[in-house]
Amino acid sequence: MNSNRRLSSRTALRAPATVALPGGQEREVRMWDLANDGASLLSARPIPQGSSVELRLTLPGAGAAIVAGARVVYSSYLNPGEFKIGLAFTRLDDDGVAAIAAFMA
């Protein structure tokens, strides 16, 4: 039995991004990996599991920013001031899907 619950493979991505939190706050984060159905990132503070957020990032080689609605599926403590956040995309337009597919190819 496969214990990996991810629906698709991930590609490493170490780049800055922004997460818009409920209530209008924004947080600068660092991407960790990316897939067509979600992403993981590093944040200085936790983001509660189940939160609906908006992820904004620019992929290497892509001119336009990707904006994706997402749900936080986990928020794990790694070190002081470092949390790994897992996101499942809930909204991603066709241009975002194409840009992610091209990045992962």
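Considering each of S40, S75 in turn, give the residue that is modelled with pLDDT of 95 or more and more than 19 Å from T11 (Cα to Cα).
S75
In the set (1) out of contact with any Ser or Thr (no Cβ under 8 Å at 6 or more places or on another chain); (2) touching a residue at least 60 places away in the same chain (Cβ under 8 Å); (3) surrounded by 15 or more Cβ atoms within 10 Å (Cβ to Cβ), the condition left unmet by A101 is number (3). Filtering the range 14-48 to residues that are touching a Lys or Arg at 6+ places or on another chain (Cβ under 9 Å), touching a residue at least 24 places away in the same chain (Cβ under 8 Å) and assigned to a loop (DSSP other than H, G, I, E, B) leaves A15, L21, A35, D37, A44, R45, I47.
In summary, D94 fulfils each of the numbered conditions (1) farther than 19 Å from P16 by Cβ; (2) touching a residue at least 12 places away in the same chain (Cβ under 8 Å) with the single exception of condition (2). For the range 66-83, give me the residue count where each residue is exposed (fewer than 14 other Cβ atoms within 10 Å of the Cβ), assigned to a strand (DSSP E or B) and small (G, A, S). Of the residues in the range 66-83, 1 are exposed (fewer than 14 other Cβ atoms within 10 Å of the Cβ), assigned to a strand (DSSP E or B) and small (G, A, S).
Taking first residues from the range 60-73 that are free of Cβ contacts under 8 Å to residues at least 60 places away in the same chain and partners that are basic (K, R), the Cβ contacts under 7 Å between residues at least 6 apart in sequence or on separate chains come to A65/R56; V67/R56; A68/R91; G69/R91.
Regarding T58, is this residue surrounded by fewer than 17 Cβ atoms within 10 Å (Cβ to Cβ), out of contact with any helix residue (DSSP H, G or I) (no Cβ under 7 Å at 6 or more places or on another chain) and either modelled with pLDDT of 95 or more or among the acidic types (D, E) (or both)? Against the criterion (surrounded by fewer than 17 Cβ atoms within 10 Å (Cβ to Cβ), out of contact with any helix residue (DSSP H, G or I) (no Cβ under 7 Å at 6 or more places or on another chain) and either modelled with pLDDT of 95 or more or among the acidic types (D, E) (or both)), T58 does not qualify.
The values are calculated or read from the model by the stated rules, or taken from the named source; none is laboratory data. Keep in mind it's a predicted model, so treat the numbers as computed, not measured. Methodologically, a virtual Cβ is constructed for each residue, glycine included, from the backbone with ideal geometry; neighbour enumeration extends over all protein chains shown.
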